[in-house]
Amino acid sequence: MEMRSKEEIEIGRDITATLTPLSFCLHTFYLHTNCSACFSSLPIPNPNPNPNPYSLFYCSPPCSAALSPLHHSSAERHLPPFAHSSDLCTALRLLLSHRPTSSSRLAGLLSNRHILTSLSVHDDVSERISVGAGAMAEAIAKQRGIPNDDAVLEEATIALSAVLTNAVEVHDNEGRALGIAVFDHIFSWINHSCSPNACYRFVLSSSHSEEAKLGIAPHLQMNGSRVSISSSEFAKGGLGYGPRLVVRSIKKINKGEEVTVAYTDLLQTKAMRQSELWSKYRFVCCCKRCSALPSSYVDHALQEISAITCESSGSCSKFLKDMADRRLTEFIDDVILEYLSVGDPESCCEKLEEILTQGLKEHLEVIEVKPDCIFMLHPLHHHSIKAYTTLASAYKVCACDLLSVDSETDINQLKAFDMSRISAAYSLVLAGATHHLFNSESSLIASVANFWTGAGESLLSLSKSSGWSMCVNLGLVIPNLASAMKFKCTKCSLMDRFRAGMLNGQIKSADFENVSNEFLHCVSDITQKVWGFLISDCQFLQSCKDPIISSWLMSTKSSSTVDVEVCVNKTNMCYTNESENSVSMCHEQTLADHAVACIFQLGVHCLAYGGLLASICYGPHSHLVCHVQNVLEHEKNFVLYSH
Ligand SMILES: C[S@@+](CC[C@H](N)C(=O)[O-])C[C@H]1O[C@@H](n2cnc3c(N)ncnc32)[C@H](O)[C@@H]1O
């Protein structure tokens, strides 16, 4: 099955009603902090972080009244504690109202039971289904007072397979995966694409759902064969409560075109996406992006490793590059894992910057690969993007740690200010790099919206840091704060567009292109003035000529041989060792007067643009748009009305 558009749909439109799930369950970790019925935060979290998974907590009497009967009548209370998990509970709750049909579908949802449990592929998924279905069958038999026979096991296997095939992780506004939910065919028949034309968002609150026009319809023709499924076999509409979901277009969709969403992270390489889709769902994605030959620009960039050989005649094989890629993956994953478990942000920053700056040389010597080869990550390699994300956050943590230890000492304050400055620079590099990819792959809109918003907040917070007074005291910079904060951007219509987008979340493709060009022009201009200041003392960032991608040179140049070059639209990106920025660390009068103003303006632009993108992909009333609006509202005396 698949879903197709009933009519031509513009970018940025809700194409389903607000759907309620057929079944759902919180992950055990959130049982004491979130309402089990609507997933919103509990007004008073349960003090016991390991509550009994058999007794649930609710945010309100209506939520309790809604879920309690389902919870008590499903067999979940008979599950042994070791087997108690959100997927098993979701499957048991689903079985309360629906039974599998002869086609192995449950409530019309594909179970993929035979493919997922095929004896020829024995892996984590088949093991999970076999153990889980066994525990479910036992619980079902107890609940119904019947023998635990093959028929019960088959029912349990189909239900669990259907959940693993169709359930989505429910995220809250902070991006935490709170639990899982299964929706009816309107959502569950939407197939995957690595270049999808739609995305979905969750609505977590106990309020009732509002109706919206349905822009898509089921299409039962797949692989040339007509599939017949009677309407009595599938569920229409959900429970009427629970975490809700809305599907929204992120591209213009033609009438009759298939509607697709992403089942995986689109900033991964093709190999990583394919491997995840195979292990979770057992299909090989043949979407346009995956089938492109040669690979799409984005896929090429995300996996590009440059082998720089010191001998002019030297060249490195694909085999060596793949080996380097594996070593880099191990190294970066280990550094991030160590940071997350041990919590030493300074060491994490040092190690990541070393690999970004120097590439992989000593690490490959261990496996006796040509010692004259240095393997460098491309600035748009998915590891580089992961590293920028981690660095932006780790430097911020370093700053907070310094201030929490001793915020009185000048030297600590100044060091913390430097850490915030570098964190803001990394968040700008991250937004610029992913924006560059977004230019070629517009389905990356949600990631880019988040990254521009993050960069905006980081820069605004830097512009208001008390650390500026430290700089004044130490004679490094003399910002004219009063005048610096007063400005109005006369060069772009971004703020008006953001406000219009907030009203209806809709923008025409041509208008979007115009406002994006204006935005890039403005931020490029402002960035030129402060980039030298933001990256001062950071060896890796000093090699990045310009984080706003339109002017980056797409070649990993070094004094030695370059064996890779990727070009797009005649605009390229590169890292350089030359310092070509117009201002560097605070010695110039221009910067002294305008650093704060420029960083402030840059922050406001990034925030408004992130908000505009968010209004397209998440909708005008979404959390991210409201958040951006609140921050900008707070600044409006400076941003909109000052002269
Ligand atoms: C949520 S269901 C989507 C609807 C499903 N096609 C149906 O008939 O009900 C997910 C399953 O659909 C199939 N599927 C989804 N996207 C696919 C794709 N791009 N290529 C091949 N199979 C896909 C896989 O079997 C996957 O496990």
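Which pairs in the list Lys321/Lys386; Lys251/Lys529; Lys251/Lys396 are over 24 Å apart, alpha-carbon to alpha-carbon? Violating the 24 Å limit, Cα to Cα: Lys251/Lys529; Lys251/Lys396. Counting other Cβ atoms within 10 Å as a rough exposure proxy, the listed residues Tyr426, Tyr395, Tyr200 run Tyr200, Tyr395, Tyr426 from fewest neighbours to most. With the simple model of a label 7 Å out from the Cα in the direction of the Cβ, Phe82 to Ser103 spans 3.8 nm. Highest-first packing order for the peptide set 601-611, 287-297, 527-537 is 601-611, 527-537, 287-297, based on the mean count of other beta carbon atoms within 10 Å. Between His621 and Gln358, the modelled label-to-label distance comes to 5.5 nm, taking each label 7 Å out from Cα in the direction of the beta carbon. With the highest mean first, a sort of the peptides 460-468, 146-154, 18-26 on other beta-carbon atoms found within 10 angstrom per residue produces 18-26, 460-468, 146-154.
With an a/c value of 1.5 or above and a/b not larger than b/c for the gyration tensor axes a ≥ b ≥ c computed over the alpha-carbon atoms, region 1-150 is described as oblate. For region 83-99 versus region 100-160, the spacing of their alpha-carbon centroids is 11 Å.
Short-range pairs are left out: with C-alpha atoms under 8 Å and at least six residues apart, the relative contact order of region 2-261 is 39 percent.
Three principal axis extents of region 2-261 based on alpha-carbon atoms, in descending order, are 49, 46, 32 Å. Dividing the Cα radius of gyration of region 112-209 by its Kirkwood radius returns 1.05 for Rg/Rh. Report note on the peptides 159-171, 182-194, 344-356: ranked by the mean count of other C-beta atoms within 10 Å, highest first, their order is 159-171, 182-194, 344-356.
Each of Glu138, Glu10 was scored by other Cβ atoms within 10 Å of its Cβ. Listed from fewest to most, they are Glu10, Glu138.
All of the numbers you see were taken from the coordinates with simple rules; none came from a lab. Bear in mind the structure is a predicted one, so any value in this text is a computation, not a measurement. Note that each Cβ is placed from the backbone with ideal geometry, even for glycine, and that neighbours are counted across all protein chains shown.
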